[in-house]
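Please read the structure below before turning to the comments.
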Amino acid sequence: MSTQAPVFGIRIPPCADVRTAGAAARAAEEAGFEIAWYPDSQFLWRDVWATLTVAALETRSIRVGSCVTTFETRHPSVTAAATRTVAEIAPGRTILGVGSGDSAIKLLGMKPTRLAGMRRNIAAVRRLLEGHPADYGGREIHLHGKVSTPVPVYMAATGPKALQLAGEIADGVIVLAGLAQPLVERALGHIRDGAARAGRSLEDLDICVGTFCHITDDPTEAARVAKPVCVGLAQVGATGALQLAGIEIDVPAVVPDVYPDMTHAEDWMHAAEVAGRWVSDEDGRRYAERFCVVGTAEECTEKIRRARDAGVRNFYIRGFPSYELPLDLIEVFGSDIIPAVT
């Protein structure tokens, strides 16, 4: 077992007014979290960059980052300017997290960023942040100034090719595979292959393993709360991952009576009830046990401990609801879980 203490990051959706959502990073900092991640989706939450600015002003040591923004709604030049602004407030504490796009683009009927575009856009953002010009429309354009401290770029990835690309070009990789060991090992293998293409190794990357978390002593609630995510995974083609947990479900591509979608449902327990059409209580229990950190504080601590002993070094903790600040999770991790595993 490694003696290296794990890093904990917490997803804080900007679901409250910007001052309150930004100040939640201070509570996370005091609880022992080292990264405050803020997602970006214009129809779901407040503006991510405004919230990150408040979070940076409210804190002293915790890193703050987007998790994740997309180049489809945020042009690389706009993203670079916003990143530089936050980095001026929190030098050495700012992370740019990018992904191909989810609710921010799907609700507009747009398509996710292709891998070639991701490579090109990340390179452009880096050049602009470093004070170098980027080519747009046949003309070289640069930002007025550059960041004083380098800003790492983290890429969220799920599929094999995306994981390989992230291993090749990113400073960090956000892996949304949960804590199921076979899936984590598979993801690390793809990241390793990509890193090798660039003459790097896994040790050169910061790999954040994302997992949904919910504290409860009610087994029935534990089974129900994970059902919408289970449906959401099946909708994006992750049936192979579900089969590892013995879950065989066939779900529709869209569930119209859950807004805006299953994984960002405005009413989570309603979504759980709807998801029950395809996901049984037993399937929900299996999913929660294999992929998530759900249960009592003691049970969640043990799951985190086992993942740490298996090699996970950076935990990206996510609550299930998208419209509640994770203050309860922050409190329990700060009082019980982080002290027990660090």
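The values are calculated or read from the model by the stated rules, or taken from the named source; none is laboratory data. Being a predicted model, the structure only gives us computed values, none of them experimental. Every residue, glycine as well, gets a Cβ built from its backbone with ideal geometry; the counts of neighbours run over all protein chains shown. Accessible surface areas use protein heavy atoms only, side chains included; no ligands, DNA or RNA. Shrake-Rupley method; radii C 1.70, N 1.55, O 1.52, S 1.80 Å.
Some observations on this one:
- For P(r) over Cα pairs in 10 Å bins from 0, in percent, the value calculated from this model appears in (i) 5, 22, 26, 20, 14, 7, 3, 2, 1, 0; (ii) 6, 25, 34, 23, 10, 3, 0; (iii) 6, 26, 37, 25, 6, 1, 0 under label (iii).
- Helix-derived mean residue ellipticity, 222 nm - over the chain, DSSP H n ≥ 4, -39500 (n - 2.57), to 500: -13000 deg cm²/dmol
- Surface accessible to a 1.4 Å probe, W49 within the full protein complex, Å²: 20
- Look at the Cα gyration tensor of segment 190-342: its axes a ≥ b ≥ c give a/c of at least 1.5 with a/b at or below b/c, and that counts as oblate.
- Q181/R139 FRET efficiency (R0 56 Å; Cβ-Cβ; nearest 0.05): 0.65
- Taking a ≥ b ≥ c as the square roots of the eigenvalues of the Cα gyration tensor, an a/c ratio of 1.5 or more together with a/b no larger than b/c marks segment 125-177 as oblate.
- For segment 26-101: rounded, prolate or oblate by the Cα gyration tensor [a/c cutoff 1.5]: prolate
- Normalised contact order of the chain, rounded percent, pairs of Cα under 8 Å and 6 or more residues apart: 19
- Folded to 0 to 90 degrees: helix 18-31 orientation relative to the chain principal axis, Cα: 70
- Solvent exposure of S148, expressed as accessible area, is near 110 Å², computed with a probe of 1.4 Å over the protein chains only.
- Crossing angle, helix 76-89 versus the chain [Cα axis fit, 0-90 degrees, rounded to tens]: 90
- Scanning residues 5 or more positions from T342 or on other chains, none has an amide H under 5 Å from its amide H, with H placed 1.01 Å from N in the peptide plane.
- Averaging the Cα positions of each part gives two centres, and for segment 90-151 and segment 253-297 these lie 33 Å apart.
- Folded to 0 to 90 degrees: helix 297-309 orientation relative to the chain principal axis, Cα: 50
- Between segment 217-251 and segment 161-190, the alpha-carbon centres lie 20 Å apart.
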